[in-house]
Amino acid sequence: MKVSGKTKFLVVLAVICAGVIGTLATVVNTHPSRVPAETIDWNLTLIGNGGNEKVLAFDELKELPSYEGHGGFFSTVGMKYGPFECKGVLVENLCTLVGGIEPSNTLWVSAPDGYLMVFTYDQVQGDIITYDPATLREMPHTDLKMILMYEQDGALIPEDDGRPLRIAIVSSNDGFVTEGHYWVKWVNKIEIRTPGR
């Protein structure tokens, strides 16, 4: 049977399309959320003001309702980082798991390397000074949220950036940075305290 040039072209085109579709299907099945499947052996300890304690494994934390926003920061020498696309759990929601946080409380966030940052109730609610990323001068910004981040730019947080859990100050839009010391790396404990007790 004689096959025309047009028929040959259509056959070749069909083979190419089938190959492309197969490749895309493989990619989607392998990385459905662009985050490679990987086991993270890390626990977060939450301690409430009344002493009640809850420990969450990394996978359990990721099953909680998430919040996504933009955020960046600068170091003490003025080096700027970000803005990043950040995904994590609202810190206020984590506090709720152990009784909640009240205006008279402070939040102690710590890491295995000994780093400790104490936040006020208002800071947990997003009352944090923001800066213009170009001039590093103070500028107003609303809609800030404090999250415990587990994804940065659609992937697990790089090791040097605080993998697997890091505090991030984010908003639904970018165009601001905050001070870097708020962005606690390698967070493994969050404790609610009342000063003086």
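Nothing in this text is a laboratory measurement; each read-out follows from the coordinates by a stated rule. For clarity, every value in this text was computed on a predicted model and none was experimentally measured. We place every Cβ from the backbone using ideal geometry, glycine too, and count neighbours over all the protein chains shown.
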Amide H of Val184 versus every other amide H placed in the peptide plane: which residues, excluding those fewer than 5 positions away on the same chain, fall under 5 Å? Ile167
Can you return the aspartates and glutamates within cross-link range of Lys87? Criterion is Cα-Cα under 18 Å, with same-chain partners fewer than 8 residues away left out. Glu38, Asp59, Glu60, Glu63, Glu68, Asp143, Glu151, Asp153, Glu159, Asp160, Asp161, Asp174
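Can you figure out the FRET efficiency of Glu38 with Arg193, using R₀ = 30 Å and their beta-carbon distance, to the nearest 0.05? Mind dumping the intermediate values first?
On the way: r = 34 Å, r/R0 = 1.13.
So, using R0 = 30 Å, E works out to roughly 0.35.
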So for the stretch 48-89, taking the charge dipole from beta-carbon charges (+1 Lys/Arg, -1 Asp/Glu), which of Leu64, Phe84, Phe74 sits furthest toward the positive end? Phe74
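Which peptide among 186-195, 102-111, 167-176 comes first, and what is the full order, when sorted by highest mean count of other Cβ atoms within 10 Å? Could the numbers behind the result be given before it?
Details: 186-195: 18.2, 102-111: 16.5, 167-176: 20.6.
Descending packing order for the listed peptides: 167-176, 186-195, 102-111.
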For the stretch 111-177, what is the Kirkwood hydrodynamic radius in Å, using each pair of distinct C-alpha atoms? 13.4 Å
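Mean separation of Cα pairs under 8 Å and 6+ residues apart, divided by the residue count of the stretch 79-197: what relative contact order is that in percent? Let's see the in-between values first.
Working: 230 pairs, mean separation 39.2, N = 119.
After rounding, I find 33 percent.
Considering only the other residues whose Cβ falls under 12 Å of the Cβ of Glu53, what net charge follows from Lys and Arg at +1 and Asp and Glu at -1?
Details: positive: Lys54, Lys189; negative: Glu191.
Within the 12 Å Cβ shell, the charges total +1.
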